[in-house]
Protein chains: 2
Amino acid sequence: MQLLEKNSTLSQTLKQRREKLAQLIETPAIFWSGIAPSRNFPANRYSFRANSHFLYFAGLPLENAAIRLEKGKLDLFMDDSSPDSALWHGELPKRDEIAAFMGADRAYPLSELPAYTAHAATIAVGDSKTYQQQCQLLNRIISPANAPQGIDLDLAKAVITLRLTHDRTALSELRQAASVSVKAHIAGMQATLKAKTEAEIRGAMEGVILSHNMQCAYNSIVTVHGEVLHNEHYGHDLHPNDLLLADVGAETENGWASDITRTWPVKGKFSSTQRDIYDLVLAAHDACIEKIRPGVEYQEIHLLACFIIAQGLIELGILKGDPTNLVEMDAHALFFPHGIGHLLGLDVHDMEDLGDLAGYERGRTRSDRFGLGYLRLNRPLHSGMLVTIEPGFYQVPAILNHRELRAKYEKVVNWSRLSEFADVRGIRIEDDVFVTEFGAEVLTASLPNKAQDIENLVSQPRD
Amino acid sequence: MQLLEKNSTLSQTLKQRREKLAQLIETPAIFWSGIAPSRNFPANRYSFRANSHFLYFAGLPLENAAIRLEKGKLDLFMDDSSPDSALWHGELPKRDEIAAFMGADRAYPLSELPAYTAHAATIAVGDSKTYQQQCQLLNRIISPANAPQGIDLDLAKAVITLRLTHDRTALSELRQAASVSVKAHIAGMQATLKAKTEAEIRGAMEGVILSHNMQCAYNSIVTVHGEVLHNEHYGHDLHPNDLLLADVGAETENGWASDITRTWPVKGKFSSTQRDIYDLVLAAHDACIEKIRPGVEYQEIHLLACFIIAQGLIELGILKGDPTNLVEMDAHALFFPHGIGHLLGLDVHDMEDLGDLAGYERGRTRSDRFGLGYLRLNRPLHSGMLVTIEPGFYQVPAILNHRELRAKYEKVVNWSRLSEFADVRGIRIEDDVFVTEFGAEVLTASLPNKAQDIENLVSQPRD
Ligand SMILES: [Mn+2]
Ligand SMILES: [Mn+2]
């Protein structure tokens, strides 16, 4: 395990994080890392992903470990691997070495943990074995992570305060993830002219991520049916007039994520209808990024994208009326039915295990408006936040053929004009944007997004 | 979902399988497919892998579904996706279409299942949510899959009888998995001269598997430290004198696995010591395959490999004494500490969820001998079985530096001669072998394994 070779400043970062936590909450906190689930039989396991709160304060993806934080002190609980396991897994670093590397104050075998659980708060993990351990050791029923209670809620709020903005160590990891994802997208574009199926593009893209010893931060979307928003199948053939939508992002070994979407023409050249819509989505994307700075409400950025898309669709003759009115009646959501983006960090939807507790400012809840309800982030922006900006245009049959929606928007859509855009099923352009004191820094800026640049990349295949 | 586009003979195959099952057991059987585990937060899921027994009788990787088999009849229980989910996941095939494609006799929503569970046997699945459902619906505590009781044990035995040998549909899927894995290994070899890290080779290999719209059947081993038998890290740099060991296999969309290992020199040329050991491991491999035919005990094949390795190590001056005696005292296991192979089918260790129930002939149990205890299969071979043959040679520090083992084998090892083979840390050669009436058919035969051919492949890099 190369676990301990990098990140010489990790222990300092971890110390700062737990000292900040101690300023927010006095209760001791215990975080469990969890275990890898099995894939059909016990010895065949999915690749392990540690719980993100654990990762934030422990810095390393240790399996079946726990940490206890109190007043800025860090205790590590994990077992050394058995002598037998050296035969199969090699010599792993010892608990004491890991503890020293992390800057832990003390280190114990897991069997000691029960002696240190009194009055501790925690956040429920996803895997049920570890969750049962949490309940047993804390001797109480722990509410699910998306509905924490009492001291656990206090802890969750304190953790959110920390994780909402990123320190230098986090930012460095996030940049690495972004940089590898950029390479994956370029490889995907350059593999397209020679590819016959979605799966081939996916293989080219994920191969790059694996080649950098990273994993995918989420299940890739690589499809010529971008209108299926969460399409996780890769079975379609590519046709020359298709657009290919690829939403693919890497995550570093320590769990920091990236999240990029590009949409490109399979034959290396947009049709004029595809190009019109592409440029519109890009205009919305650019305007949103332009608007990002501390203090701005993220929902305002969402609404700006809605307005630009509505306005553009009027100019293209697809929508009719006044853009402000159209957005107020959610007509934009016929074609842009999701939110403009979300928090990004250790999770691709950062801290979504906590429900909307991280994404929504205290006192705010999801709107029931068709055009706002899917917004995952509704807070004023702060310097140090990382968000995605990902406007899109889709022709989703389930929406456009929906009887009530169709009736409601019958008169604001020019349906026959729309039918001329049949070759535009789904377009999304997504970048990862760091909020700085002065505005926005696009971590994924090295990946082209202008139509002409995209065409050039696709048209220059690599062998 | 392209679920229903292939496999036009699937329904006939499924009918044959359940009619055979009905000949072995009268009790109705219910199999659950399970659900995908989450990766840190609910919406971020690992890719779904259906339970293998479900797959065997249902043929399709349907999530959160159940099938009931009785007297050759098949009932499917699953819910159609909600209208809302069409927005996110597109229009999925309906339960009735799926049922028709499978040749199910009846199809119901999941809510109907409780009415059909009386007196049914089952096999416990791995994910705990589904397992709880199984217990609740059958109204009893179901023993873990590796220790089934009562009617569940009867069912497990019947299923094993079927799954031990493969029908034509299964074989066709197994061939596809093998063929894609062969391409992945060739890509790995051809990527090596230009690669600097293990991760790059892994990326090249798994990229090929993904490009064919398959997944990995298990976590790949791609390492210059082949002596770490279950090394699942990819962080080492490649050095010119290293051997790279790659144990990588694809699995088809319907879950049928392959399992191939090759070992190649990073610079395209074995050293003389590497070549000597490579040729010895290959000799053991070839002799084992030569010996395969119906009626032969798999343990005899294991012991043949042990003998050939012992004999070869004597010839190389590493071991001293008589090969038969050396094998009897397990001296071969100093360098070949695992079994010669295992069953292969829907699982890479087929039916290992049932513990040794499938791998070991009734009445047999694991040996406690150092050189036999890791054998996963101990049965006479039958026509229609698929097994791996995977001899190896490793210098495992945890073994060679183990005080008791070192003392026990002090006199049969020429330790100074062994030190001349320091550049041979781990070699394994693994192929997938189908047992036919007349002998063996190697499903992975199109992948070269002779030292010279391997060198040639590595030395001809692709751009
Ligand atoms: Mn996103
Ligand atoms: Mn194997």
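The values are calculated or read from the model by the stated rules, or taken from the named source; none is laboratory data. Predicted model, so just to flag it, every value in this text is computed and none were measured. In this analysis, Cβ positions are derived from the backbone assuming ideal geometry, glycine residues included, and neighbour counts consider all displayed protein chains. Just so you know, the surface numbers come from the protein's heavy atoms only, side chains and all, with ligands and any DNA or RNA stripped out. Shrake-Rupley method; radii C 1.70, N 1.55, O 1.52, S 1.80 Å.
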**Check on residue B:375, part of a helix (DSSP H, G or I), in the same structural domain as residue B:321 (by TED's automatic domain parsing) and either in contact (Cβ under 8 Å) with a residue 24 or more places away in the chain or at positive phi (or both)** = no
**Asked** How many of the residues in segment B:394-452 are among the hydroxyl-bearing types (Ser, Thr, Tyr) and within 14 Å of chain A (Cβ to nearest Cβ)?
**Response** 1
**Prompt:** Do we find that residue A:247 is surrounded by fewer than 18 Cβ atoms within 10 Å (Cβ to Cβ) and under 22 Å from residue A:459 (Cα atoms) in this structure?
**Reply:** no
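Criterion first (in contact with a strand residue (DSSP E or B) (Cβ under 7 Å, 6 or more places away or on another chain), touching a residue at least 40 places away in the same chain (Cβ under 8 Å) and more than 14 Å from chain B (Cβ to nearest Cβ)) does residue A:138 satisfy it?
Answer is no for this residue.
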**Asked** Do we have any residue at all in segment B:381-390 that's away from ligand 2 (no atom under 16 Å from the Cβ) and either open to solvent by 30 Å² or more (accessible area, probe 1.4 Å) or at pLDDT below 95 (or both)?
**Response** yes
**Prompt:** Which ones in segment B:344-359 are away from ligand 2 (no atom under 12 Å from the Cβ) and open to solvent by less than 10 Å² (accessible area, probe 1.4 Å)?
**Reply:** B:345, B:346, B:351, B:354, B:358, B:359
**Message:** Condition first: at pLDDT below 95 and of a type in the set (Gly, Ala, Ser). Can you find one or more residues in segment A:168-185 that meet it?
**Reply:** no
**Prompt:** For the subset of segment A:32-47 comprising residues that are closer than 17 Å to residue B:128 by Cβ and in contact with a Pro (Cβ under 8 Å, 6 or more places away or on another chain), which member is surrounded by the most Cβ atoms within 10 Å (Cβ to Cβ)?
**Reply:** A:37
**Hits in segment A:322-343 - residues which are more than 14 Å from chain B (Cβ to nearest Cβ), touching a helix residue (DSSP H, G or I) at 6+ places or on another chain (Cβ under 7 Å) and either outside any helix (DSSP H, G or I) or within 16 Å of ligand 2 (Cβ to nearest atom) (or both)** = A:340
**Asked** Of the residues that sit in segment A:410-459 and are touching a helix residue (DSSP H, G or I) at 6+ places or on another chain (Cβ under 8 Å) and among the basic types (Lys, Arg), which one is nearest to ligand 2 (Cβ to nearest atom)?
**Response** A:428
**Message:** Looking only at residues that are part of a loop (DSSP other than H, G, I, E, B) and open to solvent by less than 10 Å² (accessible area, probe 1.4 Å) in segment A:253-265, which one is farthest from ligand 1 (Cβ to nearest atom)?
**Reply:** A:255
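Can you say whether residue A:362 is open to solvent by 20 Å² or more (accessible area, probe 1.4 Å), within 14 Å of chain B (Cβ to nearest Cβ) and of a type in the set (Lys, Arg), as far as the supplied structure shows?
Values: open to solvent by 20 Å² or more (accessible area, probe 1.4 Å): yes; within 14 Å of chain B (Cβ to nearest Cβ): no; of a type in the set (Lys, Arg): yes.
So residue A:362 does not fit the description; no.
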**Message:** Among the residues of segment B:12-20, are any touching a Leu at 6+ places or on another chain (Cβ under 9 Å) and assigned to a loop (DSSP other than H, G, I, E, B)?
**Reply:** no
**Message:** Can you list residue pairs whose Cβ atoms sit under 8 Å apart, with the first residue in segment A:434-463 being touching a residue at least 40 places away in the same chain (Cβ under 8 Å) and basic (Lys, Arg) and the second being in a loop (DSSP other than H, G, I, E, B) and surrounded by fewer than 19 Cβ atoms within 10 Å (Cβ to Cβ)? Count only pairs 6 or more apart in sequence or on different chains.
**Reply:** A:462/B:463
**Request:** Kindly state which strands (runs of 3 or more DSSP E) lie completely within segment A:382-463 and contain at least 3 residues that are within 17 Å of the chain's Cα centre (by Cα).
**Result:** A:386-389, A:431-436
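Could you pull out the residue among B:193, B:174, B:162 that is touching a Phe, Trp or Tyr at 6+ places or on another chain (Cβ under 6 Å) and not acidic (Asp, Glu)? Talk me through it step by step, then tell me what you get.
Numbers: B:193 fails: touching a Phe, Trp or Tyr at 6+ places or on another chain (Cβ under 6 Å); B:162 fails: touching a Phe, Trp or Tyr at 6+ places or on another chain (Cβ under 6 Å).
It is B:174.
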**Prompt:** Do you know which of the residues in segment A:199-244 that are assigned to a helix (DSSP H, G or I) and more than 8 Å from chain B (Cβ to nearest Cβ) is farthest from residue A:350 (Cα to Cα)?
**Reply:** A:201
**Message:** With in a helix (DSSP H, G or I), touching a residue at least 60 places away in the same chain (Cβ under 8 Å) and in contact with a Lys or Arg (Cβ under 7 Å, 6 or more places away or on another chain) as the only criterion, which of B:289, B:301, B:309, B:277 stands out?
**Reply:** B:301
**Request:** Find all pairs meeting these conditions: Cβ atoms under 9 angstrom apart; at least six residues apart or on different chains; first residue within segment B:384-402 and within 16 Å of ligand 1 (Cβ to nearest atom); second residue charged (D, E, K, R).
**Result:** none
**Request:** Would you check if residue B:195 is more than 26 Å from residue A:40 (Cβ to Cβ), within 14 Å of chain A (Cβ to nearest Cβ) and open to solvent by less than 30 Å² (accessible area, probe 1.4 Å)?
**Result:** yes
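Let's see how each residue does on (1) outside the structural domain of residue A:78 (by TED's automatic domain parsing); (2) more than 26 Å from residue A:145 (Cβ to Cβ); (3) modelled with pLDDT of 95 or more:
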position	(1), (2), (3)
A:9	no, yes, no
A:16	no, no, yes
A:22	no, no, yes
A:42	no, no, no
**Fill in**
Among the residues of segment A:141-183, the number that are touching a strand residue (DSSP E or B) at 6+ places or on another chain (Cβ under 9 Å) and part of a loop (DSSP other than H, G, I, E, B) is 6
**Prompt:** Is it true that some residue in segment A:202-217 is touching a Phe, Trp or Tyr at 6+ places or on another chain (Cβ under 6 Å) and open to solvent by 10 Å² or more (accessible area, probe 1.4 Å)?
**Reply:** yes
**Asked** Before we move on, is residue B:252 under 30 Å from residue B:10 (Cα atoms) and among the β-branched types (Val, Ile, Thr)?
**Response** yes
**Of the criteria (1) more than 14 Å from chain A (Cβ to nearest Cβ); (2) over 28 Å from residue B:387 (Cα atoms); (3) touching a helix residue (DSSP H, G or I) at 6+ places or on another chain (Cβ under 9 Å), which one residue B:129 fails** = (1)
